[in-house]
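Everything below concerns the one structure shown next.
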Amino acid sequence: MDKQPVQYLLMQLFPKLGDVWGNINGDDRQQKLEYCKQLRICCPEIFPIYFRLNLTIGELTDSQFQSILTLADDTQVFSNKLIELVHQKRPDGITQIRVFLEQLENYTENKIPQDRLSMIVKALCNICDKISCFGDKSQTMFDLGNKIIITNIVYKVLHRLDENTRSHVSKLLYHKAN
């Protein structure tokens, strides 16, 4: 049996196998980000999706998540949608805002368009207190509350902004808080 076609196919699915078989791929961080953007099976965040038969109850589909994310072009509209998600609960008692925030936290590294980053930070800071008062029941003792998840998202997003934009957004948030 000729192994070449099988190896080629597997390397197309999982480029890191090139390292194992000696066909160095030059697989860098930028390429990995591209694989995730393309929803390829070799992306660790995407891999489990290929083996699910259906969505977890109450989970947002990628298209639902993306449609909410597009609302970030307008801070007020995006904030209103997030408040709406606070009042939607899954059968297990978890709010849709928690589901959205957890998915958003996974997107902060590279998947959120650069032009929406500052709008997302502003919206999250605008509604943080409103969201946190609707705390979801902790699933485990290590479960993070909505406020901590928002803090993580804001931290990651601010680091993606250039220094001038980050400074501007930080000043706006500081003046709003005082």
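Every number in this text was worked out from the coordinates using simple rules, so none of it is lab data. The model shown is predicted, which means the values in this text are computed figures rather than measured ones. Because the Cβ atoms are built from the backbone with ideal geometry, glycine has one as well, and the counts that use them run over all protein chains shown.
So if each residue of separation counts as 0.36 nm, and I subtract the Cα-Cα distance between Lys37 and Asp73, what length gain in nm does that give?
That works out to 10.9 nm of additional length.
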Completion exercise
Filtered hits (lysines, Cα-Cα < 30 Å from Lys130, offset >= 8 within chain) -> Lys81, Lys89, Lys111, Lys122, Lys147, Lys156, Lys171, Lys176
Exercise for the section: Quote the FRET efficiency, to the nearest 0.05, computed for Trp21 versus Phe47 with a Förster distance R0 of 22 Å and r equal to the Cβ-Cβ distance. Expected result: 0.65
